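The values are calculated or read from the model by the stated rules, or taken from the named source; none is laboratory data. Computed from a prediction, not measured in an experiment: that's the story for all the values here. No Cβ is skipped: glycine too gets one built from the backbone with ideal geometry, and neighbour counts run over all protein chains shown.
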Amino acid sequence: MERSRQLKRTLLKFLSFFSVVRGYNIAVVIFAQYLSAVFIFGSQSRAITVLTDGSLFLIILSSALAIASGYIINNFYDTEKDLINRPFKSLLDKKISRETQFRVYFFLNFLSVLLAWLVSWRAAAFYAVYIFILWFYSHKLKKYPIIGNITASLLVLLPFFGILMHFQNFSWGIFAHGFYLYLIILIREFVKDLENIKGDFANNYQTIPVRFGTNVSKSLITFLVLVTLLPAFALITYYEVGYMQYYFYVSSGLLLAFIIFLYQANSQLDYKKLHILLKLIILLGVLSIVLIDPNVIINGKKLVIPYL
C-alpha cells in the first residue's frame with residue numbers, strides 16, 4: 001500500500017513538472033525545428049546530413065531547455081492569475097514546490113547556455129539573451145497591451161532564428177514563412193487575452209480587452225487575420241512550396257471561418273475553442289512542412305527548393 005502511494009505521488013509530481021514546463025509545447029517545437037531544418041533552412045543539404053548534425057542537435061536542445069525554463073518563470077509570475085483562469089492546472093502545478101521550480105529553472109538556464117557554448121560563443125550569447133528576454137517578458141512586459149503580445153510572439157520564433165543563423169540560409173521565402181507563422185501566433189496571443197480576461201482584470205494585467213474592451217480586441221484580431229492572408233498568397237504565388245500550397249488554402253479558409261466564430265464568442269469556453277482552432281492551424285502547418293518536398297520521405301533524396 002505504501003509503495004502504491006509513493007508511486008502515485010511520483011506520478012503526480014511528474015505530471016506537475018510536465019504541466020509547468022508545458023512538455024507538449026516543447027515536443028512540438030522540437031519537431032517543428034527539425035522539420036524546418038530539413039525542408040527549409042537546410043534544404044540544400046541531404047536530409048541525413050541535417051539530421052545527424054551534432055551542432056544542430058545542441059542548438060535545438062538548448063532551445064528546448066531555455067523554453068522549459070521560460071515556462072517555469074512564467075508560471076511563477078502567473079500563479080495568482082492561473083488560479084482564476086486555470087484552477088485545475090494551478091492545483092497540479094503546486095505538486096512541485098516553488099523552491100524546486102527555481103532550482104530547476106536556474107539549472108536549465110545554465111545547461112542551455114553551456115550546450116550552446118559547445119557550438120560557439122555566439123550561440124551561447126544568443127541563448128543567454130533569449131533567456132533574459134524570457135524572464136523580462138514574464139516579469140514586466142506581459143502586463144502591457146500590444147507590446148506584451150508582440151514580445152510573446154517573437155519569443156516563440158526566436159529559437160527558429162537560432163537555426164537560421166546556424167545554416168546561414170537567408171531568403172525572402174524563409175521570411176515569408178516566418179511572417180505567416182508570426183501573425184498566427186500573434187493572433188493566438190490576442191485570443192488568449194480574451195480567454196484570460198477574468199484573471200487579467202483581477203491581477204491588473206493591462207491587456208487589450210481589459211483596457212479597451214472586447215470589441216476593440218476583436219477588431220484588432222480581424223485586421224491581423226486579413227493581413228495573414230497576404231504572406232499566404234505570396235507563398236502560393238511567388239515561391240515553390242510544393243504540396244504545402246494546399247495547407248495555405250485550407251488554413252486561409254479556417255482563418256476566415258475563425259472571424260465568424262470570433263464575433264459569436266462571448267464566454268471563456270468560446271475563446272478556448274478559438275484558441276484550440278489556432279493551435280490546430282499551427283500544428284497542421286508544422287506537419288505540412290514535409291509537403292514542400294515529399295521526395296525526402298519517399299526515397300530519401302533531397303531536392304533543392306528554388307527560392308531557397
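The set of residues in segment 97-123 being hydrophobic (A, V, I, L, M, F, W, C) and closer than 21 Å to residue 54 by Cβ consists of 108, 110, 111, 113, 114, 115, 116, 117, 118, 119, 121, 123. Return yes or no: is residue 215 surrounded by fewer than 21 Cβ atoms within 10 Å (Cβ to Cβ) and modelled with pLDDT of 90 or more? Yes. Only one of the numbered conditions (1) farther than 27 Å from residue 280 by Cα; (2) surrounded by 15 or more Cβ atoms within 10 Å (Cβ to Cβ) is not met by residue 193, and that is (1). Only one entry in 258, 201, 223 is of a type outside the set (Gly, Ala, Ser) and in contact (Cβ under 8 Å) with a residue 12 or more places away in the chain, namely 258. Can you find a residue that is surrounded by 15 or more Cβ atoms within 10 Å (Cβ to Cβ), in the same structural domain as residue 72 (by TED's automatic domain parsing) and within 29 Å of residue 190 (Cα to Cα) anywhere in segment 110-121? Within segment 110-121, not a single residue is surrounded by 15 or more Cβ atoms within 10 Å (Cβ to Cβ), in the same structural domain as residue 72 (by TED's automatic domain parsing) and within 29 Å of residue 190 (Cα to Cα).
Can you work out which of the residues in segment 138-159 that are in contact (Cβ under 8 Å) with a residue 60 or more places away in the chain, closer than 22 Å to residue 110 by Cβ and within 17 Å of the chain's Cα centre (by Cα) is surrounded by the most Cβ atoms within 10 Å (Cβ to Cβ)? Checked segment 138-159; the qualifying residue surrounded by the most Cβ atoms within 10 Å (Cβ to Cβ) is 159. The residue that is nearest to residue 139 (Cα to Cα), counting only those in segment 196-208 that are surrounded by fewer than 22 Cβ atoms within 10 Å (Cβ to Cβ) and not aliphatic (A, V, I, L, M), is 205.
Residues to consider are 162, 242; find the one that is of a type outside the set (Lys, Arg) and over 19 Å from the mean Cα position of the chain (by Cα). Outline the logic, then answer.
Numbers: 162 fails: over 19 Å from the mean Cα position of the chain (by Cα).
Unique residue meeting the criteria: 242.
Taking the numbered list (1) β-branched (Val, Ile, Thr); (2) over 25 Å from residue 132 (Cα atoms); (3) crowded, with 18+ Cβ neighbours inside 10 Å in turn, residue 163 passes all entries but (2). Among the residues of segment 186-210, just one is more than 21 Å from the chain's Cα centre (by Cα) and of a type in the set (Lys, Arg), namely 198.
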